[in-house]
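Computed from the coordinates by the stated procedures, all read-outs in this text should not be read as laboratory data. For clarity, every value in this text was computed on a predicted model and none was experimentally measured. So basically every Cβ, Gly included, is an ideal-geometry build from the backbone, and we count neighbours across all protein chains shown.
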Amino acid sequence: MAGGALPLTSAQTRSLRRELLRWYDAHRRELPWRRDRDFYRVWVSEIMLQQTRVAAVLEHYARFLRRFPTLESLAAAREASVLAMWSGLGYYHRARRMHAAAKVIVRERHGEFPQTAEQWLALPGIGRYTAAAIASIAFDEPVAVVDGNVERVLQRLTGNAGDAWEQAQALLDRKRPGDFNQAMMELGATICTPRAPQCLLCPVISFCKTRGAHYTAVTAPRKNKELCYALVRRGDAVLLVRRPADASLMAGMWELPPLAAEQINGHAPLLRLRHSITDSDYRVTVFVIAPDQRPEPAVAARWFTVPQCERLPLTGLTRKILRRAALQAQVGHSTPS
Ligand code: SF4
């Protein structure tokens, strides 16, 4: 047995590592943060990837790095600018904490990045998974990571629900820890998927105790909600309200004024769209309201032009609505009467 944590002999464990890394070298997805091991870029990608799909991160990663190409540029930025670049990625506390951590690294560590998982853990916004991911990928520290994908792969591979961190550490390839960790996550994301694992394509099928037959926890059903917003325009400016600083979600971000059901009467919808975050799916309706008919907002409201909106920390939904509304206006103008 390999250290007692895995139902594999030491020889089997070595073979499994070899097969998994061979598969990863041949099949890994080309992702921009895998092109080099720049500490700053690895860090940014790991924070963005927390609870977020790779496709969504790809949209924001390049834009964020163009605006903040270095640790120093991020540390020197205003929080509102950082949130504006994060707009649409959700979980805005990640951006705030990363910004705070950049300041700590510049001011207290003279710009020197931590090199071990333990040192990373001392920074704002860094938990066990992220610390291990950055330390192994950027600094070759032999520490295993466990995220939802890795946990599922381990449960299926071993056929038991033992301590995933202990099992992952026993399985880790100590010569290529960063690649091995990414290979485990990649296997879970692309082959050993939650609903339909593709065992016939799996590089470690010969070591797997369950071959897809293992129980996978059922996720809680998603919540469906309805939201209504007012689009209030004055010239080329639009009215936005700021979410309270103590809001549990998207605190301090700007959005269109929300509308209650009784405020909709008599107004025709401009557009309808769907929006999803974490565990909720929203059906959103937007109404055009004249400035003199707008409901009195409960929180601070201000007018912003389109260029100003581009630089604001908007909620992802508001950015989406403004883009759709602008597109709709363009189509309307170009349609012959
Ligand atoms: Fe997952 Fe199937 Fe591979 Fe086992 S054989 S690790 S269940 S994909």
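Worth pointing out:
- Each DSSP beta bridge with both residues in the chain is either parallel or antiparallel, and the antiparallel ones are about 65%.
- Qualifying aspartates and glutamates (Cα of each under 15 Å from Cα of LYS175; at least 8 residues distant if same chain): GLU19, ASP25, ASP140, GLU141
- Placing a pseudo-label 7 Å from each Cα along the Cα-to-Cβ vector at ARG66 and LYS225 gives an inter-label distance of 3.2 nm.
- Less than 5 angstrom separates the built amide H of VAL288 from those of LEU231, LEU270, all sequence-distant by 5 or more or on a different chain.
- Helical runs assigned H by DSSP (4 residues or longer) give the chain a calculated mean residue ellipticity at 222 nm of -13500 deg cm²/dmol, each run adding -39500 (n - 2.57) before division by the residue total.
- Using a Förster distance of 35 Å, the FRET efficiency for LEU31-SER10 (Cβ separation, nearest 0.05): 0.60
- Crossing angle, helix 148-158 versus the chain [Cα axis fit, 0-90 degrees, rounded to tens]: 30
- Between ASP279 and ARG195, the modelled label-to-label distance comes to 2.0 nm, taking each label 7 Å out from Cα in the direction of the beta carbon.
- Partners for LYS223 among lysines (Cα-Cα distance below 24 Å; same-chain residues under 8 apart left out): LYS320
- The HN-Hα couplings worked out from phi for the range 66-75 by the Karplus form 6.51 cos²θ - 1.76 cosθ + 1.60 (θ = phi - 60°) are 5, 6, 10, x, 9, 4, 5, 5, 5, 4 Hz, whole numbers, x standing for Gly and Pro.
- Over the range 10-207 - Rg/Rh using Cα atoms and the Kirkwood inverse-distance radius: 0.99
- Listed by chain and number, the aspartates and glutamates whose C-alpha is less than 14 Å from the C-alpha of LYS103, apart from same-chain residues fewer than 8 away, are GLU72, GLU79, GLU112.
- Kirkwood hydrodynamic radius computed over the range 15-125 comes to 15.1 Å, based on all pairs of distinct alpha carbons.
- For LEU314, residues with placed amide H under 5 Å, excluding near neighbours: TRP254
- Relative to its residue count, the chain spans a Cα convex hull of 173 Å³ per residue.
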